[in-house]
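**Student:** Have a look at the structure that comes next, please.
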Amino acid sequence: GESGSGKELIARAIHKLSTRKNEAFVPVNCGALPENLFESELFGHEKGAFTGAQSTKPGILEFANNGTFFFDEITETPFNIQVKLLRMLEEKKIRRIGGSKELDLDIRIISATNQNLDEAIKNNILRQDLFYRLSSFVINIPPLRERRDDILPLFYHYMNSLCDKYGQKRKKLSQNAEDLLLKYNWPGNVREIINLTNKLYFICNRESINEEDLPLPSAKNNRLLLKEIRDLKYKDAKDKVLESFEIDYLRHNLQKYDGNISKTAENCGMDRRTIHRMIKKYGIIFK
């Protein structure tokens, strides 16, 4: 599924509904682990295994024993580490760096990616044998724009959780605000809904949330833009619309590909230099 589409939420739900629900759920984003520390973080190390290893350190896989381990963005795992993951899955054992003893592991593995798996295998990003070992059951999570019935329940779930947590009355969207959320394309998926509810909880002091309270680059903004340009000369109006499109298009795709300009360029059929030029031209800041 796409970035932010709720892959970890579904992994947690699977864990909570399983016989392992009272054991640990341990998530790790493979793209966030430094490559030179990946093996040590995952499998642990013994004292003196390498320079700086002043004490024995269990790997994060050990913390998930009897529970569930979630590999987020599995395709970001270094290729040489994938061999060791495959061995761990097949033998249900691991060995710390510098250690001689094999440790038994009983864990459920759930993995996720936002990449095209066929392409990842073809380009030697993901080992085919590891893919076959992990893919005994596959769930394809559609982006939020393709499951619009989930938008309002997700919004109210996160908003109500915030209100209940801080002892505030629950907030309600006006009909126009609900319509706007349902029309919006949600490039950041569930993650964007979470960010929106956090913003609205703190900036909207009323119990009712109206259309003008929603900080979305939405249809509302498009309608305002059309009103602004109606009296401009044709070329000026056209340039204004093009500028609005380019900003919205670039922000959407940068968010979709986690700010990775190479991936954005490749998937949008654009040149990296063009994207850099547009970012500089429009002062786009992506975090």
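**Student:** When you look at GLY59, is it under 20 Å from LYS7 (Cα atoms) and in the same structural domain as ILE14 (by TED's automatic domain parsing), yes or no? Working first, answer last.
**Tutor:** Numbers: under 20 Å from LYS7 (Cα atoms): no; in the same structural domain as ILE14 (by TED's automatic domain parsing): yes.
Considered against the rule, which asks whether it is under 20 Å from LYS7 (Cα atoms) and in the same structural domain as ILE14 (by TED's automatic domain parsing), GLY59 comes out as no.
**Student:** Looking only at the range 108-162, filter to residues that are closer than 25 Å to GLU23 by Cα and touching a Leu at 6+ places or on another chain (Cβ under 7 Å); which one of those is surrounded by the fewest Cβ atoms within 10 Å (Cβ to Cβ)?
**Tutor:** Out of the qualifying residues, it is ARG133.
**Student:** Now for a different question. Would you call ILE97 within 27 Å of ALA49 (Cβ to Cβ), in contact (Cβ under 8 Å) with a residue 40 or more places away in the chain and not basic (Lys, Arg)?
**Tutor:** The answer is yes for ILE97.
**Student:** Scan the range 77-89 residue by residue and report those that are outside any loop (DSSP other than H, G, I, E, B) and under 15 Å from ILE110 (Cα atoms).
**Tutor:** GLN82, LEU85, LEU86, MET88, LEU89
**Student:** Moving on to the next point. Mind checking which residues of the range 100-119 are among the hydrophobic types (A, V, I, L, M, F, W, C), touching a residue at least 60 places away in the same chain (Cβ under 8 Å) and in a strand (DSSP E or B)?
**Tutor:** Correct list: ILE110 only.
**Student:** Here is a further query. Residues being without any contact (Cβ under 8 Å) to a residue 12 or more places away in the chain and of a type in the set (Lys, Arg): count how many of those fall in the range 8-46.
**Tutor:** Matching residues across the range 8-46 total 2.
**Student:** Mind listing just one residue for me: the one in the range 1-53 that is closer than 21 Å to GLY67 by Cα and among the polar types (S, T, N, Q) and, of those, nearest to the chain's Cα centre (by Cα)?
**Tutor:** ASN29
**Student:** Could you check ALA53 against (1) farther than 25 Å from ARG127 by Cα; (2) crowded, with 19+ Cβ neighbours inside 10 Å and say which number it fails?
**Tutor:** The single condition ALA53 does not satisfy is (2).
**Student:** Within the range 99-124, count every residue that is of a type in the set (Gly, Ala, Ser) and in contact with a Lys or Arg (Cβ under 8 Å, 6 or more places away or on another chain). I'd like the intermediate steps shown before the answer.
**Tutor:** First pass over the range 99-124, keeping only residues of a type in the set (Gly, Ala, Ser): 99-100, 111-112, 120.
Narrowing the set further to residues that are in contact with a Lys or Arg (Cβ under 8 Å, 6 or more places away or on another chain) leaves 112.
Adding up the residues that qualify gives 1.
**Student:** Here's a follow-up. How many of the residues making up the range 73-86 are over 16 Å from GLY31 (Cβ atoms) and either touching a residue at least 60 places away in the same chain (Cβ under 8 Å) or surrounded by 15 or more Cβ atoms within 10 Å (Cβ to Cβ) (or both)?
**Tutor:** 2
**Student:** Does the range 120-134 contain at least one residue that is acidic (Asp, Glu) and within 23 Å of GLU2 (Cα to Cα)?
**Tutor:** No.
**Student:** Suppose we filter the range 9-67 for residues that are polar (S, T, N, Q), outside any loop (DSSP other than H, G, I, E, B) and under 25 Å from TYR158 (Cβ atoms); how many remain?
**Tutor:** First pass over the range 9-67, keeping only residues polar (S, T, N, Q): 18-19, 22, 29, 36, 40, 51, 54-56, 65-66.
Going one step further and asking which of them are outside any loop (DSSP other than H, G, I, E, B), we end up with 29, 36, 40.
Retained after the next criterion (residues that are under 25 Å from TYR158 (Cβ atoms)): 29.
Number of matching residues: 1.
**Student:** While we're looking at this one, here's another question. Helices (runs of 4 or more DSSP H) wholly in the range 150-253 with at least 2 residues that are modelled with pLDDT of 85 or more - which ones?
**Tutor:** 151-165, 175-183, 189-203
**Student:** May I ask you to list pairs of residues, at least six apart or on different chains, whose Cβ atoms are under 9 Å apart, with the first in the range 241-263 being more than 22 Å from ASN116 (Cα to Cα) and the second being of a type in the set (A, V, I, L, M) and assigned to a helix (DSSP H, G or I)?
**Tutor:** VAL241/LEU225; VAL241/LEU226; VAL241/ILE229; SER244/LEU225; GLU246/MET278; ILE247/MET278
**Student:** All but one of (1) over 17 Å from VAL26 (Cα atoms); (2) over 23 Å from the mean Cα position of the chain (by Cα) hold for ASN116; state the number of the condition that does not hold.
**Tutor:** Among (1) over 17 Å from VAL26 (Cα atoms); (2) over 23 Å from the mean Cα position of the chain (by Cα), the lone unmet condition for ASN116 is (2).
**Student:** With the requirement that a residue be among the basic types (Lys, Arg) and within 19 Å of the chain's Cα centre (by Cα), what does the range 231-266 give you?
**Tutor:** Hits for the range 231-266 are ARG251, LYS256, LYS263.
**Student:** Something else: Here is a list of conditions, (1) of a type in the set (Lys, Arg); (2) assigned by TED's automatic domain parsing to the domain that holds LYS16; (3) closer than 30 Å to ASN205 by Cα, and LYS101 meets all of them except one; can you say which number that is?
**Tutor:** It fails just one condition, (3).
**Student:** Still on this structure: With LEU89, LEU85 as the choices, which residue is touching a Ser or Thr at 6+ places or on another chain (Cβ under 9 Å) and of a type in the set (A, V, I, L, M, F, W, C)?
**Tutor:** It is LEU85.
The values are calculated or read from the model by the stated rules, or taken from the named source; none is laboratory data. It should be emphasised that the depicted structure is a prediction, and the values quoted were computed from it without experimental measurement. Positions of Cβ are generated from backbone atoms using ideal geometry, with glycine treated the same way; all protein chains shown enter the neighbour counts.
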